[in-house]
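Single-structure report; data block below.
The values are calculated or read from the model by the stated rules, or taken from the named source; none is laboratory data. Being a predicted model, the structure only gives us computed values, none of them experimental. Here Cβ is always computed from backbone atoms with ideal geometry, including for glycine, and neighbour counts include all displayed protein chains.
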Amino acid sequence: MQPGVAWIIGGGSGIGAAVARLLADRGWTVAISGRRMEKLQEVAGKHSSIHPFPMDVTDEKAVNATSQRIVSELRRIDLFLFSAAAWEPMTVGNYDLGQFRTVVDTNYLGVIRCANAVQPQMEKQGSGHFAVVASVAGYFGLPRSAAYSSTKAALINLLETMRTEVAPRGIVVRMIAPGFVKSELTAKNDFPMPFLMETDDAAHRIVDGLTESDRFEIAFPKRMVWLMKTVRALPYPIFFWLTSKMLPKQEN
Ligand SMILES: NC(=O)c1ccc[n+]([C@@H]2O[C@H](COP(=O)([O-])OP(=O)(O)OC[C@H]3O[C@@H](n4cnc5c(N)ncnc54)[C@H](OP(=O)(O)O)[C@@H]3O)[C@@H](O)[C@H]2O)c1
């Protein structure tokens, strides 16, 4: 993929910000969105080719208006990257409806709102890459992560469907599944995070993965990916024995 115009949701911090900086270094013009203008300005202030467009992905009108603004100011959207998420560790066995609503509205419906706003523009252009940061947490149902993990599983499933359906329109759908990466999001975690990666390392893997081929799945680090995929493939009695060991000590 040659440098063009990218739009990154969640570009004010963590993985999204690191990807925005790296793309800008490699000649891209980058629009970044998120709710906190000060975080967007912090990232954009250091690069003349990064532009802040504050927006909340749970607001359909704002998503459509922002998409139109970006096209009118930057002319096109060659690469869209959804790198936003709501995440809070959950109490074991408590399926709080309010918490689920926020997580589903942001992580899952946020992607649908953006797809509806961006894909018609890509279709008009005759090309575009629609990429979403899911997670290895979507490979199976993780204890303490009921809402987050299930939205990531739903995203992987959705993107598989989308990849087939929108390919004839010239749109290439990409799914990114990182393991643990240092960010504001993982700073909330009070449990061990195996193979925790630096944010810039994750950004390099994402940008190289996106620009060097059209493959669907960009998953890393490999040790974490294979661990998660192996657990997924286990017969259920062994799978549930193993996942029960992931509960906090007093629960198993
Ligand atoms: N870090 C990891 O270990 C890891 C692993 C696998 C997958 N991921 C995924 O990677 C992506 C980026 O996460 P991160 O680790 O870089 O964490 P992060 O720094 O917390 O980034 C999340 C971004 O999402 C934005 N956001 C949240 N709610 C939003 C909303 N309603 N509308 C618009 N923007 C919103 C936040 O900005 P505002 O608060 O300003 O809106 C923030 O910039 C997420 O999809 C996450 O699930 C992370």
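Observations on the model:
- If you go through the stretch 176-192 and keep only what is exposed (fewer than 14 other Cβ atoms within 10 Å of the Cβ), assigned to a loop (DSSP other than H, G, I, E, B) and either near the ligand (Cβ under 7 Å from one of its atoms) or at pLDDT 90 or above (or both), you end up with just Glu184.
- Evaluation of Asp214 against the conditions (1) in a loop (DSSP other than H, G, I, E, B); (2) within 16 Å of the ligand (Cβ to nearest atom); (3) surrounded by fewer than 18 Cβ atoms within 10 Å (Cβ to Cβ) shows that the sole unmet condition is (2).
- Only listed residue being in contact (Cβ under 8 Å) with a residue 60 or more places away in the chain and within 11 Å of the ligand (Cβ to nearest atom), chosen from Ile77, Ile70, Ile32, Ile9: Ile9
- Filter pass, Ser49 being over 19 Å from Leu185 (Cβ atoms) and without any contact (Cβ under 8 Å) to a residue 12 or more places away in the chain: no
- Every residue from the stretch 75-125 that is in contact with a helix residue (DSSP H, G or I) (Cβ under 7 Å, 6 or more places away or on another chain), at pLDDT 95 or above and either surrounded by fewer than 14 Cβ atoms within 10 Å (Cβ to Cβ) or among the aromatic types (Phe, Trp, Tyr) (or both): Phe80, Phe82, Phe100, Tyr108
Residues are listed down the side, and each one gets a yes or a no for (1) in contact with a helix residue (DSSP H, G or I) (Cβ under 9 Å, 6 or more places away or on another chain); (2) of a type outside the set (Ser, Thr, Tyr):
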site: Met1; (1), (2): yes, yes
site: Ile9; (1), (2): yes, yes
site: Leu23; (1), (2): yes, yes
site: Arg26; (1), (2): yes, yes
site: Arg35; (1), (2): no, yes
site: Glu42; (1), (2): yes, yes
site: Gly45; (1), (2): no, yes
site: Thr58; (1), (2): yes, no
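- Annotation: of all residues in the stretch 127-175 being crowded, with 22+ Cβ neighbours inside 10 Å and basic (Lys, Arg), the one that is farthest from the ligand (Cβ to nearest atom) is Arg174.
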